[in-house]
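The values are calculated or read from the model by the stated rules, or taken from the named source; none is laboratory data. For clarity, every value in this text was computed on a predicted model and none was experimentally measured. We place every Cβ from the backbone using ideal geometry, glycine too, and count neighbours over all the protein chains shown.
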Amino acid sequence: MDLSAADHRIPLSDGNSIPIIGLGTYSDPRLTPKGICKTSVKAAIDVGYRHIDGAYVYQNEHEVGEAIREKIAEGKVRREDIFYCGKLWCTALDPENVRPCLERTLKILQLDYIDLYIIELPMAFQPGDKIYPRDENGKWLYHKTNLCATWEVECHPYFIQTKLLKFCQQHDIVIVAYSPLGTSRDPTWVNLSSPPLLTDPLLKVLGEKYNKTAAQVALRFNVQRGVVVIPKSFNPERIKDNFQIFDFSLTEEEMKSIETLNKNVRFVEMSMWSDHPEYPFHEEY
Ligand code: A2P
């Protein structure tokens with residue numbers, strides 16, 4: 001794989017391609033100043049990112065859309081240079097709700113199409129306007145749906161479902177790694193039993209060898225295995241740093257030594273929903 005800052009798309013089986021690094025845009029809306037998402041997406045496009053990972057539930061999709069549209073208007077990029085991934089939220093998993101939700105996302109973004117539309121979490125919540133529906137006692141309101149039926153609608157503008165299903169069935173899937181830096185460690189949804197990834201001594205030592213940070217080593221590790229990464233940052237320096245991963249490579253031995261760090265413990269545990277009948281993380285995969 002010959003990846004560079006200027007050309008780092010990897011092929012998908014249907015002839016489309018995906019940039020191997022994208023900017024993650026989730027930040028708790030209650031704690032995030034307005035406008036910072038937009039500034040960050042623009043900064044990311046300026047330093048070379050061409051893949052933006054967003055979602056309706058992040059409540060900042062309008063800022064992502066504004067940033068992309070402004071960069072197109074400035075002539076910095078064309079729409080086709082940008083890969084935007086949007087997500088269907090848990091309250092809209094009933095098949096008849098998928099298309100309206102995608103259309104709502106397009107309206108919020110003010111874009112004609114998005115490049116990928118995925119199921120945010122495979123657990124249905126009660127349909128309706130409340131993003132996080134609970135009853136009067138604070139109990140989560142779950143919902144039953146058939147996930148296969150959710151997939152059987154047009155939910156990705158470039159892929160048709162039969163191909164996508166076949167693609168998944170054959171396990172020949174390009175993986176997008178969320179939280180490739182170990183998350184923001186928000187205790188409301190993150191399992192903090194493992195230490196912060198970026199303080200790992202091996203990642204630090206390898207970083208020193210290549211004059212890189214532990215974060216850059218962690219991202220390079222995934223990219224070198226062909227795994228797409230979507231590190232979130234709203235900090236201009238870190239947005240830039242996280243993209244500087246195409247000018248060094250890890251040796252086979254170093255890749256293997258990083259593999260030994262595996263703890264088999266996921267950070268994104270979402271334990272508040274662990275009693276959902278479809279909670280996906282009881283099973284190992
Ligand atoms: P910030 O937005 O202030 O940069 P993940 O993508 O694994 O969920 O990680 C995102 C978290 O890591 C955010 O809290 C983000 O904060 C922080 N982060 C992003 N890039 C770096 C970096 N290069 N070094 C340290 N922390 C980072």
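Test each condition in (1) part of a helix (DSSP H, G or I); (2) of a type outside the set (Asp, Glu); (3) touching a residue at least 12 places away in the same chain (Cβ under 8 Å) for Lys256 and report the one that comes out false. Result: Lys256 passes all but (3). Summed over segment 189-221, residues that are within 11 Å of the ligand (Cβ to nearest atom) and charged (D, E, K, R) total 1. Residues in segment 208-251 that are part of a loop (DSSP other than H, G, I, E, B), closer than 15 Å to Thr183 by Cα and not hydrophobic (A, V, I, L, M, F, W, C): Pro231, Ser233, Asn235.
Taking the numbered list (1) without any contact (Cβ under 8 Å) to a residue 24 or more places away in the chain; (2) within 9 Å of the ligand (Cβ to nearest atom); (3) not in a helix (DSSP H, G or I) in turn, Asn262 passes all entries but (2). Quick one: would you say Tyr84 is of a type outside the set (A, V, I, L, M) and assigned to a loop (DSSP other than H, G, I, E, B)? Answer is no for this residue.
From the list Thr39, Thr32, Thr25, the lone residue that is out of contact with any Leu (no Cβ under 9 Å at 6 or more places or on another chain) and either under 26 Å from Glu278 (Cα atoms) or surrounded by 23 or more Cβ atoms within 10 Å (Cβ to Cβ) (or both) is Thr25.
Restricting attention to segment 3-54, report how many residues are in a loop (DSSP other than H, G, I, E, B), at pLDDT below 95 and under 16 Å from Cys85 (Cβ atoms). Summing the residues that are in a loop (DSSP other than H, G, I, E, B), at pLDDT below 95 and under 16 Å from Cys85 (Cβ atoms) in segment 3-54 gives 3.
Total residues in segment 126-165 satisfying the condition of being among the basic types (Lys, Arg), modelled with pLDDT of 50 or more and more than 16 Å from Pro95 (Cβ to Cβ): the figure is 3.
Residue-wise test of (1) without any contact (Cβ under 8 Å) to a residue 24 or more places away in the chain; (2) more than 16 Å from the ligand (Cβ to nearest atom); (3) within 22 Å of Asp7 (Cβ to Cβ).
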| position | (1), (2), (3) |
| --- | --- |
| Gly226 | no, yes, yes |
| Val229 | no, no, yes |
| Lys240 | no, no, yes |
| Glu252 | yes, yes, no |
| Met270 | no, no, no |
| Tyr279 | no, yes, no |
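The residue that is surrounded by the most Cβ atoms within 10 Å (Cβ to Cβ), among those in segment 104-125 that are in contact with a Lys or Arg (Cβ under 9 Å, 6 or more places away or on another chain), at pLDDT 95 or above and in a loop (DSSP other than H, G, I, E, B), is Leu111.
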